[in-house]
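Each value in this text was obtained by applying a stated rule to the coordinates, not by laboratory testing. Bear in mind the structure is a predicted one, so any value in this text is a computation, not a measurement. Quick reminder, even Gly has a Cβ in these numbers, built from the backbone with ideal geometry, and neighbours come from all protein chains shown.
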Amino acid sequence: MKKRILCFGDSNTYGSNPSGGRYDENTRWPMHLAQLLGDEYTVIEEGFGGRTICFDDPVEGGFKSGAAYFPPCLMSHTPIDLVIFMLGTNDLKERFNMNAHTIAQSMQQLVMQTRIYGMNASGAKPAVLIVSPPHIGENLRETSLYSNFGENSISESRAFRQEFHKISRIQKAEFLDAAEFCQPSVRDAVHLTADGHRALAAAIADKIRIIFEK
């Protein structure tokens with residue numbers, strides 16, 4: 001039976017193009033991941049622009065909380081063998097007043113939900129891969145997104161690796177740092193380039209092969 005992988009994230013999982021619109025299926029990292037993994041895997045995209053780990057957004061509207069949406073999402077795609085989370089960037093928006101440490105702590109909600117509501121075809125709990133998001137670019141100040149994220153988000157995004165790695169150890173989840181493999185576009189300092197999507201997909205594909213060899 002094919003391994004089923006759920007990719008749960010924000011606009012960088014949805015495939016938002018910093019030049020506008022959405023990248024095509026050959027570019028978005030979940031779909032490029034599917035191509036790299038081949039026919040033995042099914043990769044499911046669940047990316048949504050503005051998604052946070054646990055907040056609805058008073059400016060952009062409701063339905064942004066990952067923790068609220070995730071349980072029915074997970075159950076609707078059962079069976080699932082692996083859940084990949086790449087969230088946290090939107091939680092750095094100034095209106096939420098959060099830092100990297102607290103954001104990473106909140107990721108535990110999603111991991112625990114996976115273990116409560118998820119199962120694979122054998123009835124076992126899915127594996128979890130926490131992907132620390134790409135850094136916010138140093139040129140954020142020069143972009144239109146600066147008014148949303150503010151100055152502190154640049155440094156806090158660089159603290160994600162350490163904080164999410166701690167949570168992965170506590171929760172016995174797998175971990176990967178996206179910032180090792182991709183950077184955001186200089187156009188908006190947040191969204192990945194096409195090359196970034198491809199590089200991230202390749203890194204995650206390598207990680208997945210290791211996970212399923214264990």
* Asked: If you compute semi-axes √(5λ) of the Cα gyration tensor in Å for the structure shown, which of (1) 29, 21, 16; (2) 26, 19, 16; (3) 26, 23, 21 do you land on?
  -> (2)
* Asked: Which cross-chain or sequence-distant (5 or more) residues have an amide H under 5 Å from the amide H of His135, H modelled 1.01 Å from N in plane?
  -> Ala179
* Structure fact -> Cα-Cα longer than 23 Å, checked against Lys125/Lys214; Lys166/Lys214; Lys2/Lys166; Lys2/Lys207; Lys64/Lys125, kept in input order, equals Lys2/Lys166; Lys64/Lys125
* Asked: Along the Cα-to-C-beta direction of Lys2, a point sits 7 Å from the Cα; which residues of region 13-31 have their amide N less than 15 Å from that point?
  -> 30-31
* Asked: Which value in nm describes the separation of the simple spin-label points at Glu180 and Glu94, placed 7 Å from the Cα toward the beta carbon?
  -> 3.4 nm
* In whole percent, what relative contact order does the chain give with Cα contacts below 8 Å and a gap of six or more residues? -> 23 percent
* Structure fact -> Long-range amide H partners of Cys54, meaning residues 5 or more apart or on another chain whose placed amide H is closer than 5 Å, are Gly66, Ala67
* To do: Collect residues whose amide H, placed 1.01 Å from N in the peptide plane, falls under 5 Å from the amide H of Ile84; neighbours closer than 5 in sequence don't count.
  => Leu6, Cys7, Phe8, Leu129
* **Radius, Kirkwood style, for region 136-214 when every pair of distinct Cα atoms is counted (Å)** => 14.0 Å
* Residue-wise, which Karplus ³J(HN,Hα) couplings in Hz belong to region 127-143, taking 6.51 cos²θ - 1.76 cosθ + 1.60, θ = phi - 60°, and x for glycine or proline? -> 6, 10, 10, 8, 9, 5, x, x, 4, 7, x, 4, 8, 3, 4, 8, 10
* Report, in whole Å, the centroid distance computed from the Cα atoms of region 58-79 and region 162-214. => 21 Å
* Structure fact -> Counting only DSSP beta bridges fully inside the chain, the antiparallel percentage to nearest 5 is 10 percent
* Can you run phi through the Karplus equation (6.51, -1.76, 1.60; θ = phi - 60°) for region 12-29 and list ³J(HN,Hα) in whole Hz, with x for Gly and Pro? -> 6, 8, 4, x, 4, 8, x, 8, x, x, 10, 4, 7, 5, 7, 10, 4, 4
